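The values are calculated or read from the model by the stated rules, or taken from the named source; none is laboratory data. For clarity, every value in this text was computed on a predicted model and none was experimentally measured. FYI the Cβ positions are ideal-geometry reconstructions off the backbone, even for glycines, and counts take in every protein chain you see.
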Amino acid sequence: MTEKWTSRLILGLTLIFLIGPFLIIIIAGLSAGQSLAFPPDGISLKWYLKVFEIESFRDSFILSMALAIFGTLIALALGVPAAYALNRYEIPYAETIKTIVAAPIIVPGIIVGLALLRYLVLPIGLTVTLALFFAHTALVLPYAVRVVSSSMTNLRSDMEEAAVLLGCTRLSAFFKVVLPNIKGGVLAAFILGFVTSFNQVPVSLFLSGPGVRTLPIDMLAYMEITYDPSVAALSALLAFLSVGIVFLAEKFLGFSRYV
Amino acid sequence: MKHLLYITTALGLMAGVAQAAEKTLTISVYSFAQDAYKKALYDPFEEKCGCKLVIETGNSVERMAKIEANAANPVIDVAVISSHDALALARKDLLAKIDSTKLTSFDKLYKAAQDPIGGNMAVGYTFYASSIVYRADLLEIDSWADLLSPEVKGRVALPNITGTQGPLTLHMLSQALGHDGIDFTDTINAIGEKSDDIVTFYVRSSQLAQLMQQEEVIAAPVGRFAWSRFSGSELDFKWATPKEGQTGGVNVMLMTKNNGNEDLAYEFMDYWLSTEVQTRIAEAKIDSPANKEVVVSDEIAESLTYGAELINSLNMISPADIIDNRDGWVDLWNEVVIK
Amino acid sequence: MFQNRKEGFALALPAALFIGILFLLPVGILLSEAFQLDGGWSLQGYIDFISKPLNQTVFLRTLKLGFLVAAVSAVIGYASAFCIVNLDPKSRGRIFGMVVLPLMISPVARTYAWIVILGRTGIVNDAIIGLGLSDTPIRILFTETAVFLGLLQLFLPLMIISLVSSMENLPRDAISAARVLGANWLQVFTKIILPLTKEGLVMGGTLVFTGSLTAYITPAILGGAKVLMLETLLYQKVSVSNDYVSASIIATILIAMCFGTNLLLKRIATARE
């Protein structure tokens, strides 16, 4: 009996530590006062409403969304074939390719942003938007390869071989046999990539230009102007969005199996 | 349209194709109060000139780095920045000399705004005083030296050396501690000894405002432009008038060299300096006027650095002194204060 | 396995090229800059960098905080993960979801909350005074403690997830048998749990440690200028002093630390098996 209560106590304290700050942000955003405080000075929805009136948040939200969606899609377009090749083929330099593809996980983001700024944006004149897009795609690619790979290892290769023997081309065997079976893994990779890209800060720190800023960077820039509770409100709204996406994915796809 | 633009560039399909056809002027400004500037300055100007303003915001160092990086083919036409940052750019030969005859409002400016960095490389558009904001219910501040007094131990914040306010604070603290000139060695050492008693070295006045609002900090030097963050609070904040006086600075507008957009740049600068716009900006409590013909009510003046008497009394530090000595200050600061 | 090597290579190549050209190449050039001085190859930049006391402090602080965060999250992680795997499947899923949840929330939001929580008038100080632990509020913001707490909250979920997945196969009856036979919890942990979950610990440890080294927001907001870490120092070098050489040097040090831990911990995990 004591063990059960100790266990509950440990989990309770851990969860308070992990989720408490998030609850405080939600409540601090509900403040009727002028500054960030907990407990808030009165309750109102004004800061939650103000978030929608701040034009730069709208623009940066759309940029972050576009980066997260298209970046992850391109990462999947590159990553799924790579994962397939690494799983199904005996290919030369397989280890080297694996290392290269995994590299973005280990290289600190701030360095990536700085490197792209200095060697692609400034000298070649690549637009900041495109540089952001490259960086976010590269960042998501390792996850795409890893998650798709792990869902592919559970799939026996004799099914495709049978399909090929029965007259399918390798390509149509992939689309007819492999893809339907790794659908869940691909979706899981998409969601993981989306969340990673959307919340990314260090990579985007140096990559901003006139009117081009990702949402997290825009939030930091907004905090340079004022610490009013609208950042808390926006943070809470974004959290609901992320959690909502993951919740739906979990409910319909059993997302957590793949992570 | 803008949203569409993101998507197309993101896809890399049409990068560079979507160029606007109308004439544009790219300006680089501080990121604060953009909504207010839009109303008081950007929108009316766009309407007047029939052109489009592209506004780039950010902190000064980022914006300066961009001007420098694009020196061969300037992206920014006009920038507003602190006087010492402007001097640093001028010394790197990145700025165009300003022909004051093309600015109809030039003669209406305070003397100190007409050529603040020398060589007609920049024109001042706003002044600000800097002093100490403190909690009048908890303590009294009569001197800059009070920043290091036991009364504020553990509850004082200073501006970081890397920002504009840092050198200003050192300048006044030096005078209060009895050191003359711009050798700040003793002053920085004195701060170093009290380093543990200082809550933080703040970078943004927004951050300071939050810290003072949550009673983390009860006294700190700050620019007058941030005063409205404090004056509206229910806490008892007061603007100090130390016996050594207030310090301050002037922010300037400048034009990049060979930007190829000079006519529009002059038109914009002249518009910003005009009595009409300077009054509108002052009344919106964004910037204090550099144009001496601006007249505002006492209530407005309270939030600004306003009037010849105050502006002439500011104990400023010359931009050249800052540029010439800052690296040494930062090294010493890192060694004895940040540790 | 398909035998057509060319076909397979062609499939994997685009991903490798994308990262190689658009990612590794610029990063490589940036890193090489740290070894160049006055046109030649030189280590002088590093020697100058390391000789500055501030840089040493920042380096050691980063290492210390990374290690502390990893160690404390391992302790909390084991306790929580052990509790989680012993729950019934239904509540296990629910609790696990709540542990994963913070990972989905922007680090900006998660760090922002601590400004209010750790402040002089925040709930932590209220609790400290309420419990009589101190008469006056304690200064926590802009100290290493604040950065530590922020990082721990940011990365603890990664440790718990790694440990939970490595504990799934833990022989439950072996533990209860050991307990019945009089082994205390410490013995159970070192003799049974630790050896079997080593891989998860290493995985979680790597993620937490490298995460702490390379976090920007937390040290920037909760540490400020007084508690610089390598990542905030790097940002300052670039955006305040335009010192790209120092930035490259810090970048190399950070990457070396990340790769180093990765290799070291991998070796520990595979040793003695």
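Structure values in brief
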| quantity | calculated |
| --- | --- |
| Pairs with Cβ under 8 Å, 6+ apart, first in the stretch A:90-112 and at the interface with another protein chain (Cβ under 7 Å from one of its Cβ atoms), second hydroxyl-bearing (Ser, Thr, Tyr) and in a loop (DSSP other than H, G, I, E, B) | A:GLY109/C:TYR216; A:ILE110/C:TYR216 |
| Residue count for the stretch B:193-205, restricted to those that are in a helix (DSSP H, G or I), more than 12 Å from chain C (Cβ to nearest Cβ) and surrounded by fewer than 23 Cβ atoms within 10 Å (Cβ to Cβ) | 1 |
| Qualifying residue in the stretch C:169-180 (condition: under 26 Å from C:VAL58 (Cα atoms) and not in a loop (DSSP other than H, G, I, E, B)) | no |
| Count - residues of the stretch A:23-36 that are surrounded by fewer than 21 Cβ atoms within 10 Å (Cβ to Cβ) and facing chain C (nearest Cβ under 9 Å) | 1 |
| Number of positions in the stretch B:102-140 that are in contact with a Lys or Arg (Cβ under 8 Å, 6 or more places away or on another chain) and farther than 23 Å from B:GLY307 by Cβ | 6 |
| Close pairs (7 angstrom Cβ cut-off, 6 or more residues apart or separate chains): within 19 Å of A:SER56 (Cα to Cα) in the stretch B:38-49, assigned to a helix (DSSP H, G or I) and β-branched (Val, Ile, Thr) anywhere | B:ALA40/B:VAL277; B:ALA40/B:ILE281; B:LEU41/B:VAL277; B:LEU41/B:ILE281 |
| Those residues of the stretch C:34-66 which are among the hydroxyl-bearing types (Ser, Thr, Tyr) and surrounded by 17 or more Cβ atoms within 10 Å (Cβ to Cβ), in sequence order | C:THR62 |
| Only one of A:ILE54, A:ILE69, A:ILE62 that is surrounded by fewer than 21 Cβ atoms within 10 Å (Cβ to Cβ) and either at pLDDT below 90 or under 19 Å from C:VAL116 (Cα atoms) (or both) | A:ILE54 |
| Looking only at the stretch C:89-111, and only at residues there that are more than 7 Å from every other protein chain (Cβ to nearest Cβ) and more than 22 Å from C:SER162 (Cβ to Cβ), the one that is farthest from the chain's Cα centre (by Cα) | C:LYS90 |
| A:PHE190 in contact with a Ser or Thr (Cβ under 6 Å, 6 or more places away or on another chain), surrounded by 20 or more Cβ atoms within 10 Å (Cβ to Cβ) and within 24 Å of A:GLY20 (Cβ to Cβ) | no |
| Within the stretch B:213-239, considering residues that are aliphatic (A, V, I, L, M) and modelled with pLDDT of 95 or more, the one nearest to B:ILE300 (Cα to Cα) | B:VAL222 |
| Residue in the stretch C:112-127 that is more than 11 Å from every other protein chain (Cβ to nearest Cβ), surrounded by fewer than 22 Cβ atoms within 10 Å (Cβ to Cβ) and out of contact with any strand residue (DSSP E or B) (no Cβ under 6 Å at 6 or more places or on another chain) present | yes |
| The stretch A:208-217 - residue that is modelled with pLDDT of 90 or more and out of contact with any Phe, Trp or Tyr (no Cβ under 6 Å at 6 or more places or on another chain) and, of those, nearest to the other protein chains (Cβ to nearest Cβ) | A:PRO216 |
| All positions within the stretch A:49-89 that are away from chain C (no Cβ under 12 Å) and of a type in the set (Val, Ile, Thr) | A:VAL51, A:ILE54, A:ILE62, A:ILE69, A:THR72 |
| Output for the stretch A:37-60, where each listed residue is under 12 Å from A:ILE27 (Cβ atoms) and part of a helix (DSSP H, G or I) | A:TRP47, A:TYR48 |
| Answer from A:PRO108, A:PRO81, A:PRO92 - the residue that is at pLDDT below 90 and closer than 24 Å to C:PHE9 by Cβ | A:PRO92 |
| Which listed residue, of A:LEU126, A:LEU117, A:LEU130, is in contact (Cβ under 8 Å) with a residue 60 or more places away in the chain and either at the interface with chain C (Cβ under 10 Å from one of its Cβ atoms) or in a helix (DSSP H, G or I) (or both) | A:LEU117 |
| Helices (runs of 4 or more DSSP H) contained in the stretch B:240-320 and holding at least 3 residues closer than 30 Å to B:TYR134 by Cβ | B:275-283, B:298-303, B:308-313 |
| Residue within the stretch C:106-114 that is modelled with pLDDT of 90 or more and touching a Phe, Trp or Tyr at 6+ places or on another chain (Cβ under 8 Å) present | no |
| C:ALA269, sole failed condition from (1) surrounded by 18 or more Cβ atoms within 10 Å (Cβ to Cβ); (2) in contact with a Lys or Arg (Cβ under 6 Å, 6 or more places away or on another chain); (3) more than 23 Å from B:THR164 (Cα to Cα); (4) not β-branched (Val, Ile, Thr) | (1) |
| The stretch B:61-108, residues that are within 13 Å of B:ALA122 (Cα to Cα), touching a Leu at 6+ places or on another chain (Cβ under 6 Å), away from chain A (no Cβ under 14 Å) and not in a helix (DSSP H, G or I) | B:LEU95 |
| Number of positions in the stretch C:83-111 that are within 14 Å of A:ILE10 (Cβ to Cβ), in contact (Cβ under 8 Å) with a residue 60 or more places away in the chain and surrounded by 20 or more Cβ atoms within 10 Å (Cβ to Cβ) | 2 |
| Enumeration of residues in the stretch A:101-114 that are under 20 Å from the mean Cα position of the chain (by Cα) and in a helix (DSSP H, G or I) | A:VAL101, A:ALA102, A:ALA103, A:PRO104, A:ILE105, A:ILE106, A:GLY109, A:ILE110, A:ILE111, A:VAL112, A:GLY113 |
